[in-house]
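The values are calculated or read from the model by the stated rules, or taken from the named source; none is laboratory data. These numbers were taken from a predicted model, which means no experiment stands behind them. All Cβ positions, glycine included, derive from the backbone under ideal geometry; neighbour counts span all protein chains shown. Surface accessibility is based on the protein's heavy atoms, side chains included, excluding ligands, DNA and RNA. Shrake-Rupley method; radii C 1.70, N 1.55, O 1.52, S 1.80 Å.
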Protein chains: 8
Amino acid sequence: MRKVMIVMGSDSDLDVMNKAKEVLEEFGVEYELRILSAHRTPKQLMEAVSNLEKNGFEIVIAGAGAAAHLPGVIAALTVLPVIGVPVKSDFNDGLDSLLSIVQMPNGIPVATVGVNRSKNAALLAIQMLSLKYEDLKEKLLEYRKNMEASVIEKDKKLRGK
Amino acid sequence: MRKVMIVMGSDSDLDVMNKAKEVLEEFGVEYELRILSAHRTPKQLMEAVSNLEKNGFEIVIAGAGAAAHLPGVIAALTVLPVIGVPVKSDFNDGLDSLLSIVQMPNGIPVATVGVNRSKNAALLAIQMLSLKYEDLKEKLLEYRKNMEASVIEKDKKLRGK
Amino acid sequence: MRKVMIVMGSDSDLDVMNKAKEVLEEFGVEYELRILSAHRTPKQLMEAVSNLEKNGFEIVIAGAGAAAHLPGVIAALTVLPVIGVPVKSDFNDGLDSLLSIVQMPNGIPVATVGVNRSKNAALLAIQMLSLKYEDLKEKLLEYRKNMEASVIEKDKKLRGK
Amino acid sequence: MRKVMIVMGSDSDLDVMNKAKEVLEEFGVEYELRILSAHRTPKQLMEAVSNLEKNGFEIVIAGAGAAAHLPGVIAALTVLPVIGVPVKSDFNDGLDSLLSIVQMPNGIPVATVGVNRSKNAALLAIQMLSLKYEDLKEKLLEYRKNMEASVIEKDKKLRGK
Amino acid sequence: MRKVMIVMGSDSDLDVMNKAKEVLEEFGVEYELRILSAHRTPKQLMEAVSNLEKNGFEIVIAGAGAAAHLPGVIAALTVLPVIGVPVKSDFNDGLDSLLSIVQMPNGIPVATVGVNRSKNAALLAIQMLSLKYEDLKEKLLEYRKNMEASVIEKDKKLRGK
Amino acid sequence: MRKVMIVMGSDSDLDVMNKAKEVLEEFGVEYELRILSAHRTPKQLMEAVSNLEKNGFEIVIAGAGAAAHLPGVIAALTVLPVIGVPVKSDFNDGLDSLLSIVQMPNGIPVATVGVNRSKNAALLAIQMLSLKYEDLKEKLLEYRKNMEASVIEKDKKLRGK
Amino acid sequence: MRKVMIVMGSDSDLDVMNKAKEVLEEFGVEYELRILSAHRTPKQLMEAVSNLEKNGFEIVIAGAGAAAHLPGVIAALTVLPVIGVPVKSDFNDGLDSLLSIVQMPNGIPVATVGVNRSKNAALLAIQMLSLKYEDLKEKLLEYRKNMEASVIEKDKKLRGK
Amino acid sequence: MRKVMIVMGSDSDLDVMNKAKEVLEEFGVEYELRILSAHRTPKQLMEAVSNLEKNGFEIVIAGAGAAAHLPGVIAALTVLPVIGVPVKSDFNDGLDSLLSIVQMPNGIPVATVGVNRSKNAALLAIQMLSLKYEDLKEKLLEYRKNMEASVIEKDKKLRGK
């Protein structure tokens, strides 16, 4: 039905990308989790991307670090929205990852979120899907309300109320 | 039907944001162009955002420079997808704009594109809309084909063929 | 009488912001400590800010990290002086926090202190208040004298005198 | 009555700092404009700062570029609030100026505004003064209203209304 | 015989990459100049790269700017040495280009030269080829001698000798 | 026959550079490991470099950190290809090392790999040597196949297949 | 006779600055170690600097972190050579310290060494003094020889010789 | 008698380095101006440096841009004080030049001044020489007095006095 492909360039990105998975599960959105490298398995990547729509995927979340080409390379091969997650690298907290992902040339956009913010990538995917699936919008509004309530709770506690 | 709100924080961002407008026009997607500042007209901004869905908008493209709060502030007030365009500022080519937009906290994502890449923001909006509107997907594929053809043409010319 | 609002965007900022609290206590300046998020509780934030003067507040200290919009959003809603504390984030020691706070557009200033320097934020608030409350100026001069004495003491000890 | 000292480290900063002057004039706040260098005229600087209060000054606005020590050195010599304006230098658009001013050690704060934002420095000074001088608060609210109106006007024009 | 492929991602990189061409011509090394985009013509790129060896190419020089994926994507598809030229972009003089090219993951290296240093890319290609083609080593030594002589000449002139 | 010189500026770089050694061993390429400092043993360095070809070396891999002059100084003294490894320093994860190595002036290139990527330096050396030694090309293709297989394995495991 | 003043802005800089002390001791150069803050003890600093020559000092080594004004403020008050040591801060490994020290305006130089390189500051002081004191030049040459020998020894050991 | 060697890596640095020359002339200090490249004329450089003392030089001022190895390479070959001038490059206003010069390893210091601050390099050289040549100290004090007077003059003019 509504399905999101979560791709990462290396299994070292798994801890970060699992947070996207958890959000999708929470919202009842199907997903598949893949390790596909733009550099080490370019053919497998290409094949997977070319079958995205046939396999029912509507959005791709791609996480990668350092010279992070994965999201851009995927975006070049599909017109499905691609959300890029810059994974924190060993160089200036992922400045390389961030710039490699966000600074895409005109014509091939990648929807970039903050460094390691795979949770936000999932929420963004759900916001996109909610344009089409009304129930997701309801869940999003509820999710926001809970977030709001949690901050209000902490604020009250701090104020001793 | 399908309508995109293009917001900018200042009229000095107009040249940059007009490129988003042109792409939307090319794809036959309705839009409205607004100047609404998170800092100078917070009330007008809030009102506009709270009426987005009622007025038929499905996506917001927000461009801002320097301490660029506009996209994030809008994202906090709607669950519609918000696409952020970091506008080139006077400080390190918009490093401030980029970080102010992309580094959103967990819970409230902004889909960020490259500095001044409002064209990509529009294309990303259309990719999102094409999940729902089949004809846009066709146009996107055609757009890509034209882009490809233009590069091939230049390549041929360079090779003297 | 003289009262400072200390706001932070998340309870993870509490350790940093508590240092502002301690300085205000030391100077006998009333304060309230709040968690109010520009992104997760925008309505609560707005309400709190619109009641600042009615509730006797004269200055706001606002701390936030990453895409740190909180100080700027507050500054847009009040003409009370707003002091911004960039809280150290996971990205380049808070470069994102610093730029998101200090690079405000013309018209809406935020008085920014160094990364994590909430202690300085409190002292700055007291310096502002001392324009009006003479006794605070006395205390500031004494505070400086103590600081000076402490450095002199360490210098003496180092020189073996 | 209410008087602001505007200091700059070099006459090359004059164009930037004049914008602070203009805002103070607009609000009817007295000021004096000085060139005093922490490095080239340290004695003159010290003398001027030690006489600030005697001469009726309540706030200092200090602008400097590159290794911009002026605001911090002044802040070390007075408990009046010191507002620092990082002036754009030849190195990364004033990254050196910004860090030299904002990263003050605990104990001696400088209220820092954005690079070249001397206009905001003046507005911040007025916000501080308005804690004491009621009429300035009125003017500030009016200033904001005009700013708001100007943005609304531009927004209307853009929308063809 | 010995042939170098010079690829660029966009015709806007032509001025920069022509300097590589000129050096290769000077050394009598055959080359082909191509515009092939990792994002806009991925299929053409892949085809060209898969035919490199069949067509007698021994080295690839690839120049690209911003999110510069071209050199890395080529390097993933061939074991011929790939030399990457970060082309100066609109963001911090090509910091994005540099990091996108040099920070390749383990397994797939790109031999990176300085920003816009396509001349050095060509010289590096010739140094590599000279491992195999003795005459190129001779020419390199002569090239260096001329460079040396030119600096010595300028030094003499400056010293008035 | 085919021999690579691995040079480092200090024994503190040994852990990083040993990874280059291991790759060369895996590919059956001879190497020598040296500590030679551009600053502390300039004469020894010069002597070693001037004897490179006589001693059968075909490529140099040079690793250094901070003001990392070693690769560039070697490149100035030989026309053999020099591969530079920026070693992570105490300053911004080796930004100083990277820029000191990659930003060589026109005429004297250094083939730069990512920070601490000595493994890639060795692979790059082997790619260069494989222009001349056919068997190395075979091994490189096998190495890539193994790398590919390892990623595919991890991908399968993740998908529970 | 020949005496160096080592000043630091805070006792938290002591570990770093002690390395300068040890080098001076090794070379038999007299020194005094002081804690004097440009911000917390400006008067004590000024007094100490104005008495430098009277007390036989010939060179000042000044270390400070963050908004590191100490070396520049001292340099403004004496024509003795001032060597600045940027002490590693909590912000980007002392980028603030480095820029605050090295980017001095024309007229008032500070001889800056690398971040935390107080050892080099001491060696630089000795190099300056050796212009006047012949015996120090001898010791410097010996120091270099030992350094060279130590690297040669490590190189030999690594080569198994 | 007292002589300073001014070296630059390329004739493109001449405009910047001429400012050092002018200051030395103003102070009556002999100098020689040389173009010597660490990369293009390493032998000439070495020869010149090894003859420095024999030819009566007491200090070296070395300016270079980008991967600026010149000052460090000279410092490795002499115990005379070496003053490094980072020349503004095409990359981030000379960030590469600055880091390549200032971040020297322990043992071989370079006295670094601000980007393009060759004027300060000359003043620093004179401050060093004035340890030995009393008359230079007098001239330095006068130079400072003139600088002070010039700022005071501008201050007076600005104040309309």
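Structural remarks
- With respect to the conditions (1) closer than 29 Å to residue E:137 by Cβ; (2) open to solvent by 50 Å² or more (accessible area, probe 1.4 Å); (3) of a type in the set (S, T, N, Q), residue E:18 falls short on a single one, namely (2).
- A single member of E:32, E:53, E:47, E:26 is on the phi < 0 side of the Ramachandran plot, within 11 Å of chain B (Cβ to nearest Cβ), at pLDDT 95 or above and surrounded by fewer than 19 Cβ atoms within 10 Å (Cβ to Cβ), and it is E:32.
- Count of the range C:103-118 residues, restricted to those that are touching a residue at least 60 places away in the same chain (Cβ under 8 Å) and either in contact with an Asp or Glu (Cβ under 8 Å, 6 or more places away or on another chain) or over 25 Å from residue G:95 (Cα atoms) (or both), is 1.
- For the condition more than 10 Å from chain D (Cβ to nearest Cβ), crowded, with 24+ Cβ neighbours inside 10 Å, under 26 Å from residue A:129 (Cβ atoms) and at pLDDT 95 or above, residue B:4 qualifies.
Each row is one residue, and each column tells you yes or no for (1) within 7 Å of chain D (Cβ to nearest Cβ); (2) touching a Leu at 6+ places or on another chain (Cβ under 7 Å).
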{"site": "C:101", "(1), (2)": "no, no"}
{"site": "C:128", "(1), (2)": "yes, yes"}
{"site": "C:134", "(1), (2)": "no, no"}
{"site": "C:140", "(1), (2)": "yes, no"}
{"site": "C:151", "(1), (2)": "no, no"}
{"site": "C:156", "(1), (2)": "no, no"}
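- Pairs meeting the criteria (first residue in the range F:133-155 and in a helix (DSSP H, G or I), second residue open to solvent by 50 Å² or more (accessible area, probe 1.4 Å), beta carbons under 7 Å, at least 6 apart or on different chains) are F:147/A:40; F:148/A:40; F:151/A:40; F:152/A:44; F:154/A:11.
- Residue count for the range A:81-104 satisfying the condition of being surrounded by 24 or more Cβ atoms within 10 Å (Cβ to Cβ) and either among the β-branched types (Val, Ile, Thr) or assigned to a loop (DSSP other than H, G, I, E, B) (or both): 11.
- Among the residues of the range A:136-161, just one is open to solvent by 10 Å² or more (accessible area, probe 1.4 Å) and closer than 20 Å to residue A:81 by Cα, namely A:137.
- Near pairs, Cβ below 6 angstrom, 6+ apart or cross-chain, from the range H:18-35 (farther than 15 Å from residue H:130 by Cα) to any residue that is open to solvent by less than 20 Å² (accessible area, probe 1.4 Å) and not hydrophobic (A, V, I, L, M, F, W, C): H:19/H:118; H:20/H:118; H:34/E:155; H:35/E:155
- Filter pass, residue E:63 being open to solvent by less than 10 Å² (accessible area, probe 1.4 Å), more than 10 Å from chain B (Cβ to nearest Cβ) and part of a strand (DSSP E or B): yes
- Residue B:87 being more than 14 Å from chain D (Cβ to nearest Cβ), touching a strand residue (DSSP E or B) at 6+ places or on another chain (Cβ under 8 Å) and under 25 Å from residue C:86 (Cα atoms): yes
- Taking the criterion of being open to solvent by less than 10 Å² (accessible area, probe 1.4 Å) and not hydrophobic (A, V, I, L, M, F, W, C), the residues of the range B:123-134 that qualify are B:127, B:130.
- A single entry from A:23, A:4, A:115 fulfils the requirement of being part of a helix (DSSP H, G or I), touching a helix residue (DSSP H, G or I) at 6+ places or on another chain (Cβ under 8 Å) and among the β-branched types (Val, Ile, Thr): A:23.
- Residue match in the range F:108-122 (condition: within 20 Å of the chain's Cα centre (by Cα), within 30 Å of residue H:10 (Cα to Cα) and open to solvent by 10 Å² or more (accessible area, probe 1.4 Å)): yes
- Members of the range B:107-120 that are closer than 30 Å to residue A:22 by Cα and facing chain A (nearest Cβ under 7 Å): B:107, B:109, B:111, B:112, B:113, B:114, B:120
- Test: residue in the range G:65-75 that is more than 16 Å from the chain's Cα centre (by Cα) and over 29 Å from residue A:93 (Cβ atoms): no
- Residue within the range F:80-102 that is free of Cβ contacts under 8 Å to residues at least 24 places away in the same chain and farther than 25 Å from residue H:71 by Cβ present: no
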